Structure formats: structure tokens, C-alpha cells
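A.B. asks: I'd like to ask some things about the structure below.
The values are calculated or read from the model by the stated rules, or taken from the named source; none is laboratory data. Keep in mind that this is a model prediction, so the values were computed, not measured. Please note: Cβ atoms are built from the backbone with ideal geometry, for glycine as well, and neighbour counts cover all protein chains shown.
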Amino acid sequence: MLQIKSALDSERLDVVERDLREVGFHIIENVITAEEADEARAAVWKMVEEDIAKGHDHSYGNGKIRRVWAIVGKSSIFRRLIQHPTVVAVWKRMLGEDVIASTFTANIVGPGAPEGGWHIDYPYWAMQAPFPSGSLTGQTVWMLDDFTEENGATACIPGSHKTLRRPELGEAEKSESSVAVAPKGSILFTNGAIWHQSRANRTDTPRVGLLGMYNRSVIYPQEDMPRQLTDAELAAESDTLKQLLGRNIPFRDPDHGHNWHRTDSGFRQA
């Protein structure tokens, strides 16, 4: 059973924040145990089997990289990880107390997968440069396998988020990069504007990770997070999860003098 550990102390949180603002990324090792990572990894493979059975093929990279979407509603493991106190502490510090989740997915880089293209994350790829200087979004990469130089670990270009733009064609390849090497159970936190890519998997084993993106509450999420759990399923969940899924964002109805909140099927009066 997945165990939730305490959030970071303020001193370590200061270090994480400084790195995300200055370097653009930070790794915290062994946030969960190897056994807990294996449990989450097994849940990912079960979802892959279910996707394939339903005819859902969310693959790319010559079919060697696969994404599983909308995982919060598919297993309690992912409901725990999306609101892990270490993760929430980091993104509340970076993105505000009212932070929301933009997307939470599983990503599998299979044997022989090519390296991914250098890119920036949403919403930056939808914006014109120069980007706003404050942080809008951040990525959380849960390592459910050891991330190594050989199996497709994420590479980042330190400081590239400060350019406030996407890389020009061929520019990132000429820059010095750092590869996120860490044992399974670790987390790579990245500034959403940093230039990054997944490296080629040169091994004969898939590399499995989870991608959790968090936004300032004013940024529209990529996935329809409020509908990943029904009202009945969400009733027993924490206020933190309800917030991350966007269920607490008020929609003002000035003509009637009250607010509305999202539900799984529409809106309810706040």
C-alpha cells in the first residue's frame, strides 16, 4: 500500500524553489519506496492493457512511446500521487495556494524509442514570446523505473526557461544539457518553460514515468480534470484533491448574486 510521507521542511523547500527559478529543475530522490513505485508501475501496465482492449492507441515515436491519459479516475494510487504533500508543497510555493492540476498521465518510453524533440510545456507552447517572467506552470516527473543515461531519462537545458521563448530550430542541440538520472521513486520537478526532451531508450526494457503538470488557477488545464471523478467518487476524497481537480474554482453569476462550481456533469451552486 502506498504510504504518504510528510511534506518538505521549509529549508529544503527554499532550495527547491531556488533551483526551479534559477536552474529550471530539481530532483528529489526516493520520495516513495521502490516497492511503492513498482505498485504504481503495475497499475500503469494494467491501464495500458485496458487502453489496447478498448482500441485506444495513444502512441508516438514510431509506436515506441505510449501515453495513458486521465489516470486519476482509474486507480486510487494516482489519486494519492497527484496530491502527494511533497508535490503540493512545491507547487503551492511556486504557483500559489490555489494551484490546480493541468494533466496527470503515464508515459512509457519503450526499447528503441527515439529521443523526443526539444520543447517547452503548456501553456508556453501556446503563447507568443516573450513569455511572462513569473512561473505559470510546472511539471512533476515521477520515476517508476530508475532513470538512466541509457533508458530515455529526461534531459533539460539549465537556465533555458529564462529566455522566455521556445528554442529555435537546432538551437537546443548546441546547448549543454543535464540528464535527470535518479532511482525509481524519485521526482524530477521542472519549470514549465525549460527546454527539455526525453532521451532515446537504448536498452531492452521500457522506462515508465508519470507526468503531473500543475498550473496557476487562472490557466485553463489541458485535461478535463473536474470530470475524472464523479461527484459520488469525489465525495470521500480530500479537499486538496478537489482543489487540484478544479472543483473549487468559482464561476461568478452576477445576475443571481452567487457562484457556481464544476461537477462531473455540469455546475452546482457554490
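A.B. asks: Just a yes or no: is a residue in the stretch 78-87 without any contact (Cβ under 8 Å) to a residue 40 or more places away in the chain, buried (at least 16 other Cβ atoms within 10 Å of the Cβ) and not aliphatic (A, V, I, L, M)?
C.D. replies: no
A.B. asks: Out of all the residues in the stretch 39-57, which are touching a Ser or Thr at 6+ places or on another chain (Cβ under 9 Å) and either at pLDDT below 95 or among the small types (Gly, Ala, Ser) (or both)?
C.D. replies: Ala40, Ala43
A.B. asks: Next question, about the same structure. Considering only the stretch 77-161, give the strands (runs of 3 or more DSSP E) lying wholly within it that have at least 1 residues that are of a type in the set (Gly, Ala, Ser) and in contact with a helix residue (DSSP H, G or I) (Cβ under 7 Å, 6 or more places away or on another chain).
C.D. replies: Ranges flagged: 100-109, 137-143.
A.B. asks: What is the number of the single condition among (1) touching a strand residue (DSSP E or B) at 6+ places or on another chain (Cβ under 6 Å); (2) farther than 26 Å from Tyr220 by Cβ; (3) of a type in the set (S, T, N, Q) that Ser76 does not meet?
C.D. replies: (1) is the only condition that Ser76 fails.
A.B. asks: Filtering the stretch 178-193 down to residues that are touching a Lys or Arg at 6+ places or on another chain (Cβ under 9 Å) and in a loop (DSSP other than H, G, I, E, B), which residue is nearest to Arg166 (Cα to Cα)?
C.D. replies: The selected residue is Ala193.
A.B. asks: Name the residues in the stretch 15-58 that are among the small types (Gly, Ala, Ser), in contact (Cβ under 8 Å) with a residue 24 or more places away in the chain and part of a helix (DSSP H, G or I), would you?
C.D. replies: Of everything in the stretch 15-58, those that are among the small types (Gly, Ala, Ser), in contact (Cβ under 8 Å) with a residue 24 or more places away in the chain and part of a helix (DSSP H, G or I) turn out to be Ala34, Ala37, Ala40, Ala43.
A.B. asks: Report, by residue number, each residue of the stretch 102-158 that is small (Gly, Ala, Ser) and crowded, with 18+ Cβ neighbours inside 10 Å.
C.D. replies: Ser102, Ala106, Gly110, Ala113, Gly116, Ser135, Gly138, Gly152, Ala153, Ala155
A.B. asks: Given the conditions (1) of a type outside the set (Val, Ile, Thr); (2) in contact (Cβ under 8 Å) with a residue 24 or more places away in the chain; (3) touching a strand residue (DSSP E or B) at 6+ places or on another chain (Cβ under 6 Å); (4) farther than 27 Å from Val44 by Cα, report the number of the one that Ser177 does not fulfil.
C.D. replies: (2)
A.B. asks: If you scan the stretch 204-247, which residues turn out to be within 9 Å of Ile100 (Cβ to Cβ) and over 14 Å from the mean Cα position of the chain (by Cα)?
C.D. replies: The answer is Ser217, Ile219, Gln243, Gly246.
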